[in-house]
């Protein structure tokens, strides 16, 4: 899958030619449909970090915002499997990516641990019935803060929230929020590829 993701730049170039004004005028669903061929994966180092964090925390419910083709989901679900307890609930807007990810989950034998919620995470995660014990935010960056605020009533003290690609300016409102001590998080920035922000709910 990382080999496939290596072609993201070429795919993005074609998309940029088709969308000269960029994503700005598009809704989240339209953005997802336009980017249906782009993997947008975490790095291998980021995946290893997520695997280790989940192994250490041993969460019952892992929530992921932004499945894409499921690379990060595989790391999360592999850690859950090796822990012997837990499940992964992941969200995605693109029907094409969901279909591809589900095929991969079945091929790897991890599909019984993964629930894919199709649609806008700001809606689909409203019905989450259990506390979110570990959260990965890796969907559209401007939606990370709204998704976090939606999940906050389900975050217990000690829950880890990880956001990827902290170098992107569209994630800045999220970073400003979690880095403000008044909002109840303790943070560390982990220098893996485009950076991950690891926030512990206090």
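So that you can scan it fast, the table gives a plain yes or no per residue for (1) free of Cβ contacts under 8 Å to residues at least 60 places away in the same chain; (2) more than 25 Å from residue 146 (Cα to Cα):
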position: 50; (1), (2): no, no
position: 66; (1), (2): no, no
position: 81; (1), (2): yes, yes
position: 92; (1), (2): no, no
position: 98; (1), (2): yes, no
position: 127; (1), (2): yes, no
Please verify whether the stretch 142-157 includes one or more residues that are in contact (Cβ under 8 Å) with a residue 40 or more places away in the chain, in contact with a helix residue (DSSP H, G or I) (Cβ under 6 Å, 6 or more places away or on another chain), part of a loop (DSSP other than H, G, I, E, B) and surrounded by 22 or more Cβ atoms within 10 Å (Cβ to Cβ). no
Of these, 164, 180, which one is surrounded by 13 or more Cβ atoms within 10 Å (Cβ to Cβ) and either modelled with pLDDT of 95 or more or in the same structural domain as residue 131 (by TED's automatic domain parsing) (or both)? 164
Assigned to a loop (DSSP other than H, G, I, E, B) and closer than 16 Å to residue 91 by Cα: is that true of residue 194 in this structure? no
Heads up, the strands (runs of 3 or more DSSP E) in the stretch 41-122 (entirely inside) with at least 2 residues that are surrounded by fewer than 22 Cβ atoms within 10 Å (Cβ to Cβ), on the phi > 0 side of the Ramachandran plot and not assigned by TED's automatic domain parsing to the domain that holds residue 151 are none
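Anything in the stretch 132-141 that is modelled with pLDDT of 95 or more and not in a strand (DSSP E or B)? List them, or say none.
First pass over the stretch 132-141, keeping only residues modelled with pLDDT of 95 or more: 132-137.
Once the filter is applied, which keeps residues that are modelled with pLDDT of 95 or more and not in a strand (DSSP E or B), the stretch 132-141 yields 132, 133.
The values are calculated or read from the model by the stated rules, or taken from the named source; none is laboratory data. Predicted model, so just to flag it, every value in this text is computed and none were measured. Virtual Cβ from ideal backbone geometry, glycine too; neighbours counted across all protein chains shown.
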